[in-house]
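Here is the structure we will look at, set down as structure tokens.
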Amino acid sequence: MKNFNPSATMISDNIQSDSINFEVPLDNKSRSLLRLERVFRETNRHIKIATPSAHFFALKQIFFLLDFFERGDFKAELIKELDRDIAYFTKLNSNPEVDLSKLEVFINQLGQLSKWFSSQKGKIGHQLLEQEFILNAKNKLTLGSVLLSFDAPFVELFLSMPIEKRQQKLYDWLKAFKGIQTSVEVLLRLSRETSTFATVIAENGYYQRTIRKNEFKFIGIRVPADFNIYPEVSTDQKRFNIRFMALSDDLEAKQFSDWFNFELAFYT
């Protein structure tokens, strides 16, 4: 059985005031998409905050992206996913209930992204490493997460520059990943908009359901905010299980053993 660590569970920022929404990947590709979505969102948010510490965080996230795309051929996986979705949506042209004008726009967007990726040579973002500042800063800062002026004085100088100059540089560096960011947003929006939440019952803090292999990409779990609980999800090829845990005032985790309603969505 494959276990999903709650630390890797993505919590959506788009939540209702009376509930908390957790998104849990059921395969490695969805895990990567959700993680990248959060990295792009937090990087952009910290660039806007504009403090030196926020900009240092944003710079570290850019280094994370460089390392992420250096490790594997995620570009090829995204091209396959985009082409698969293009084929699926093209088949909907004969469906009388589909808005053909919107469908055509969406198919064209997917096609443009697929062509963009196919035209890119080398690893995503590799051109950034041709810049001396990025290469040296990345090498220095991989030694630790805390910036010390004697380790990388040129980074300390960069963070002391005028806000507008720092922001512009960070945005320029982030543009190297613009295609991947747009693809991540489109693919996840596609999954979310084609699924809906349904109310189900957890018995003694547990929920179990049978699934087929590769039937779903990830799931959404929406729980009442005042319950103070979070899900731990485990899965194998035939089923997945949700165990709900509660946090005490001292932040100690324990099994939540009540029967209660919660909402569940399956994203394909």
(message) Checking the condition under 24 Å from the mean Cα position of the chain (by Cα), touching a residue at least 24 places away in the same chain (Cβ under 8 Å) and assigned to a loop (DSSP other than H, G, I, E, B), which residue from PHE244, PHE240, PHE262, PHE216 passes?
(response) PHE216
(request) Kindly establish whether LEU113 is in contact (Cβ under 8 Å) with a residue 60 or more places away in the chain and farther than 14 Å from ILE62 by Cβ. (result) yes
(message) Being loosely packed, with under 15 Cβ neighbours inside 10 Å, farther than 30 Å from SER114 by Cα, among the aromatic types (Phe, Trp, Tyr) and not assigned by TED's automatic domain parsing to the domain that holds ALA54 is the requirement here; does TYR206 meet it?
(response) yes
(request) Quickly run through the stretch 131-164 and pick out the residues that are modelled with pLDDT of 90 or more and of a type in the set (Val, Ile, Thr). (result) ILE134, VAL155, ILE163
(request) Could you please tell me which pairs satisfy a Cβ distance under 6 Å, a separation of 6+ or placement on different chains, a first residue in the stretch 157-183 that is over 17 Å from ILE134 (Cα atoms), and a second residue that is of a type in the set (A, V, I, L, M, F, W, C) and at pLDDT below 95? (result) ILE163/ALA50; GLY179/TRP116; ILE180/ILE124; SER183/LEU78; SER183/LEU113
(message) Looking at the stretch 220-257 only, could you name the residues that are modelled with pLDDT under 95 and acidic (Asp, Glu)?
(response) ASP226, ASP236, ASP249, ASP250, GLU252
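Before we move on, is GLN61 without any contact (Cβ under 8 Å) to a residue 24 or more places away in the chain and surrounded by 15 or more Cβ atoms within 10 Å (Cβ to Cβ)?
Details: without any contact (Cβ under 8 Å) to a residue 24 or more places away in the chain: yes; surrounded by 15 or more Cβ atoms within 10 Å (Cβ to Cβ): yes.
Criteria met by GLN61.
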(request) Please work out if GLU164 is under 19 Å from PHE64 (Cβ atoms) and not basic (Lys, Arg). (result) no
(message) I'm checking my understanding of the structure. Among residues of the stretch 88-98 that are surrounded by 11 or more Cβ atoms within 10 Å (Cβ to Cβ) and without any contact (Cβ under 8 Å) to a residue 12 or more places away in the chain, which one is farthest from SER191 (Cα to Cα)?
(response) ASN93
(message) Being modelled with pLDDT under 95 and of a type in the set (S, T, N, Q) is the filter here; which residues of the stretch 165-197 pass it?
(response) GLN181, THR182, SER183, SER191, THR194, SER195, THR196
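The values are calculated or read from the model by the stated rules, or taken from the named source; none is laboratory data. Model, not experiment: these values are computed from the prediction. Using ideal geometry, Cβ is built from the backbone for each residue, glycine included, and neighbour counts are taken over all protein chains shown.
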